[in-house]
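These notes are about the structure you will find just below.
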Amino acid sequence: MDFFGRLTIDSLPFYSLIAASGAGVTVLGALSVMAVITYFGAWRLVVFGWVTSLDHKKIGIMYIMVALVMLMRGFIDAAMMRSQQAIAFNSDGYLPPGHFDQIFSSHGTIMIFFMAMPFLSGLINLIMPQQLGSRDVAFPFMNSISLWFTTAGAGLVLISLVIGKFSTAGWTGYPPYSGSEYTPGVGVDYWLWAVLISGIGSTMTGINFLVTIIKCRAPGMTLLRLPLFTWTVLVTSVLMIFAFPALTVACVMLALDRTAGFHFFTNAMGGNMMNYINLFWLWGHPEVYILILPAFGVFSEVVAVFSQKRLFGYISLVLATCAIGLLSFTVWLHHFFTMGSSANVNSFFGIMTTIIAVPTGVKVFDWLLTMYRGRIIFKPPMLYTIGFLVTFCIGGLSGVLLAMPPVDYLMHNTTFLIAHFHNMIIPGVLFGYLAGYMFWFPKAFGFKLNEKWGAWSFWCWIIGFYLAFMPLYVLGLLGMPRRMEHYEIAAWQPHLIVAAIGAFIILLGIVCLIVQLVVSIRDRQQALDLTGDPWNGRSLEWLTSSPPAPYNFALVPQVQSIDAFWDMKQRGVAYERPDRYVDITLPKNTFLSAVIGGAGFVFGFAMVWWIWWLALLCLATIFVAIVIRASQNDTDMVIPAAEVKAIEDARFAQLAKAPKNEMADDPGFAGQPLPEGAA
Amino acid sequence: MTAASATMTDIAPPSEGAEKYEEKAFGFWIYLMSDGVIFALLFATYVVMLGNTAGGPTGKELFSLERAAGETALLLLSSTTFGFAAVALAAADRSRVLLWLVVTVALGAGFIFLEFGEFSGMIAQGAGPDRSGFLSGFFTLVGTHGLHVSIGILWILVMIGQVLIKGLTRPVASRLARLGLFWHFLDIIWVVIFSVVYLPGVL
């Protein structure tokens, strides 16, 4: 009987129609993906071209695919909450409390861990090595393990919909409620192991990115010539390395409490639940900056390119990024001013929280001054950037308001807080990633995304955002707590209906994103990016072809200035042909990283259901896979100089046919950089 | 394919390989810092939980300084013997590398044996991690260190195998160097455990 631990046939979700249909959609989704791959006979391509690949660009694209799928799932949760609250005045609505609790828990968990984190890892993987003038990240194999650990975590959240239930303890999983005394089942365990496994992946990602930036830069690429996106990645990596251990420790302790009867966070027997909350936010606040700094990096790239001007205040942006990174470790207690610390402690954290707004304000001014006297071209990434600037300032101001402990006592756990952090994360993080997605899509696939549908998606997102979240500020002031499944106060309902309409308009924004992708793939022949430089770009990722050759750069570029590629174009050396090519060494494909990730997934599943033998088997599998990898001698492959030459010949033949500057026909185009002495 | 990669390593400029190993060493240092944060948080938790004995036994009643001193001696000695292995590695003396690695494993295993005895003894007298918050903190902190040492022992065993099969090649030597970092790191953590857990616990 104990062979399958706690797992029985009753774990299947036939207890409720809504739960069963959610499970059905998940299973159908998985089956239809497999059916599509089978229909196109693409299994060989999927496995040998992608799953086993250690190419940072492919890993980046796979991360972003995970993120977009999870964005849909997380949005469905949001839409269900908004519609429930819109109708649940003096009524039970359509969602029972236990189910509603699972939905807000999975919404937050998915959006932070399995939408935002993979999206940022994906964009960084795709772009950062190219901005450095590098051929890959420092540790390609570990990079792939990180990807599959993140995917394993996402898989655990998805499978919880089919087998068992998800957590009802919110995305933060506060004890004592999340302890086994009050929440016995498997829900919190699914949350724990999904977060833990993907968190280990994120720690490895941070190490990988940091070493790449420190050690793998092209000659001449000094730290103060790094593109700003890469600078933000550097700081984000440091935060990942030092913040994620706190999450790991908090989650392991909670898991020990739940599975082995420890007393870290229990009510009785000497537990101290506030310790969890301290540990969690010791990670949680830096995490906010882990998410948002790369988005700031995207905005910095986008705003310079589409204002057709050099980024204003580069050094101040670098310093502001570093300051934010440092300060992010000094504000965690503002998440729980109401814990009851002394006035002095609360004042300290209140003041630090206010101070962190200063470097962020510096950045906003830098972006505005970059646009000032620029020739702005309103492509979709630029729309998202401008929308971000306006909206983010409102969210930032509400944050400074909440930084005052007395105010926070009134607002704590109300929808004012919900409005505040969505007001930071949607424009600050999501708009940044969507801007990056549309900005760098041509780099990844060789054709541009449809601009009309991109603009439509932006307008739906931003209008929907204001409608969905401004009412929550009001509701918070009216005293509405977060996470209400139903309520009895008539004054709340009109606001909640407006918020639900806002969620519907955001849904239209998501539909526009899907239509944009489909239309762009259909019409790709009209939007090909033949030069690799579709936006008249400034940094080195635009020097490679679109999509880049496996080795990115046939010869490692020599960097002489900030905006290295712009500088090369000005000197007229960007497209110079080298007189000879050399052999290039790249990592071979391997199954082992996917095996380790798969074992991580099954391990998490086994730990959730107490199937101990299976968990041990998975650990043994991971150990054996690592030992095999460590004993292989031929993990690299060589692209011979002749093959490099053939690839580069084709590239230069394409360049000869392409227009000199792909932006030249754009009405706002301010002129291409001229070779020295040409004017 | 093997032939192709063999020719590749032959013609690759030596500096390129050196960079690869330097990246790995640097990355491993960063990992140790991240792991150091884990231990720092476990120490902080232990200190916070120190008084939360819930009526159960305190450190004074449970810890034996003799045993802790024995564990310390074994672990410090094992760091020394690993140092001898590193010296032998620098001299490219394969059999002495193997000898000292085997001695290190034996000392590490002795440490784990003593710690296992300590843990099982405590659990047998009803002072397991489920007895109180204090004991949860103790078992998790010291147990996490013990888990690291066990993984280190497994790693040394794998490296003994690699030295036997592959010899002291460049990648094997670089792995041994990182293993050394790991092993000495655990030693430092143990010194802190001794000073924060056992010594004040008994005095």
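The values are calculated or read from the model by the stated rules, or taken from the named source; none is laboratory data. Predicted model, so just to flag it, every value in this text is computed and none were measured. Neighbour counts are summed over all protein chains in view; Cβ atoms, including those assigned to glycine, are modelled from backbone coordinates with ideal geometry. For the accessible areas, the whole protein counts, side chains as well, though only heavy atoms, and no ligand, DNA or RNA atoms are used. Shrake-Rupley method; radii C 1.70, N 1.55, O 1.52, S 1.80 Å.
What shape does region A:505-547 have by the C-alpha gyration tensor, where a ≥ b ≥ c are the square roots of the eigenvalues, rounded means a/c under 1.5, and otherwise prolate means a/b greater than b/c and oblate the rest? It is oblate, given that a/c is not under 1.5 and a/b is not larger than b/c. For region A:70-136 and region B:54-124, write down the distance between their C-alpha centroids in whole Å. Taking the Cα centre of region B:54-124 as reference, the centre of region A:70-136 is 47 Å away. Look at the alpha carbon pairs under 8 Å that are at least 6 residues apart: their mean separation over the length of chain A gives a relative contact order of 18 percent. Going from the isolated chain to the complete set of protein chains, region A:217-251 loses at least 30 Å² of heavy-atom accessible area (1.4 Å probe) at A:Ile241, A:Phe242, A:Pro245, A:Val249. Helical content of chain A, expressed as a calculated mean residue ellipticity at 222 nm, amounts to -21500 deg cm²/dmol (DSSP H runs of 4 or more residues, -39,500 (n - 2.57) each, divided by residue number, nearest 500).
Here the relative contact order of region B:18-202, from alpha carbon pairs under 8 Å that lie six or more residues apart, stands at 34 percent. Accessible area per residue for region B:6-123 is 49 Å², calculated with a 1.4 Å probe on protein heavy atoms, without ligands, DNA or RNA.
Provide the FRET efficiency to the nearest 0.05 for the B:Ser195-A:Phe40 pair, computing r from the beta carbons and using R0 = 51 Å.
E(calc), rounded to 0.05, equals 0.20.
When a 1.4 Å probe is rolled over the protein heavy atoms, the share of accessible surface on region A:101-193 that falls to carbon and sulfur comes to 71 percent. Taking amide hydrogens as placed 1.01 Å from N in the peptide plane, the amide H of A:Thr414 sits under 5 Å from those of A:Arg482, each at least 5 positions away in sequence or on another chain.
Just check the protein assembly as shown against the gyration tensor rule for me: Cα atoms, a ≥ b ≥ c as the square roots of the eigenvalues, rounded for a/c under 1.5, and otherwise prolate or oblate depending on whether a/b exceeds b/c. The shape class here is oblate. Run the numbers on region B:38-56: which residues show a drop of 40 Å² or more in accessible area, chain on its own versus all protein chains together, using a 1.4 Å probe over heavy atoms? The answer is B:Ile38, B:Leu41, B:Thr45, B:Met49 - residues whose exposure falls by at least 40 Å² when every protein chain is included. Once the partner protein chains are put back, region A:259-273 shows a loss of at least 20 square angstrom of accessible area, versus the chain by itself, at A:Phe262, A:His263, A:Phe264, A:Met269, A:Gly270, A:Asn272 (probe 1.4 Å, ligands and nucleic acids excluded).
Only helices at least 27 Å long along their axis, Cα-based, and averaging 0.5 or more on Kyte-Doolittle count here, so list those DSSP H runs from chain A.
Those that clear 27 Å and a mean of 0.5 are A:17-39, A:56-87, A:140-159, A:187-215, A:228-260, A:273-307, A:343-371, A:380-402, A:451-477, A:493-522, A:612-631.
Below 8 Å between Cα atoms, with a sequence gap of 6+, how large is the relative contact order for region A:546-660 in percent? Relative contact order of region A:546-660: 33 percent. If you sort the three axes of the alpha carbon gyration tensor as a ≥ b ≥ c, you get a/c of 1.5 or more for region A:163-322 and a/b above b/c, which makes it prolate. Of the solvent-accessible surface of region B:18-202, computed with a 1.4 Å probe and all protein chains present, 73% belongs to carbon and sulfur. When nucleic acids and ligands are ignored and a 1.4 Å probe is applied, A:Tyr174 ends up with an accessible area of around 70 Å². Each part gets one Cα centre, and for region A:1-20 versus region A:475-499 those centres are 35 Å apart. Between B:Ala68, B:Ala124, B:Ala90, the residue with the greatest mean-square fluctuation in the GNM of chain B (Cα pairs under 10 Å linked by springs) is B:Ala124. Taking B:Ser34, B:Ser174, B:Ser136 in turn, the Gaussian network model of chain B (Cα-Cα springs below 10 Å) assigns the largest fluctuation to B:Ser34. Remark: for residue pairs A:Lys379/A:Lys645; A:Lys363/A:Lys448; A:Lys657/B:Lys24; A:Lys215/A:Lys660; A:Lys363/A:Lys657; A:Lys58/A:Lys645, the C-alpha separation exceeds 32 Å in A:Lys379/A:Lys645; A:Lys657/B:Lys24; A:Lys215/A:Lys660; A:Lys363/A:Lys657.
On the beta carbon distance between A:Glu488 and B:Trp29, with R0 = 51 Å, the FRET formula returns roughly 0.30.
Please list, by residue number, everything in region B:96-128 whose backbone N is under 13 Å from a paramagnetic label point 7 Å out along Cα→Cβ of B:Ala73. From region B:96-128, the list is B:111.
Could you compute how much accessible area chains B and A hide from each other, both sides summed, with a 1.4 Å probe? Nearest 100 Å² is fine.
On the way: alone 10600 and 27150 Å², together 34680 Å².
That pair of chains buries around 3100 Å² in total.
Ranked by solvent-accessible area (1.4 Å probe, protein heavy atoms only, all chains present), the residues A:Cys393, A:Cys460 order from largest to smallest as A:Cys393, A:Cys460.
Backbone amide hydrogens, once placed in the peptide plane, bring A:Phe447 within less than 5 Å of A:Asp529, excluding anything fewer than 5 places away on its chain. Comparing B:Val158, B:Val142, B:Val102 in a Gaussian network model of chain B where C-alpha atoms under 10 Å apart are linked, the largest mean-square fluctuation is found at B:Val158.
When the surface is traced with a 1.4 Å probe over the full set of protein chains, A:Phe591 keeps roughly 110 Å² accessible.
Using a probe of 1.4 angstrom and keeping all protein chains present, the accessible surface of chain A works out to 38 square angstrom per residue. For region A:185-204 versus region A:265-326, the inter-centroid distance based on Cα atoms is 21 Å.
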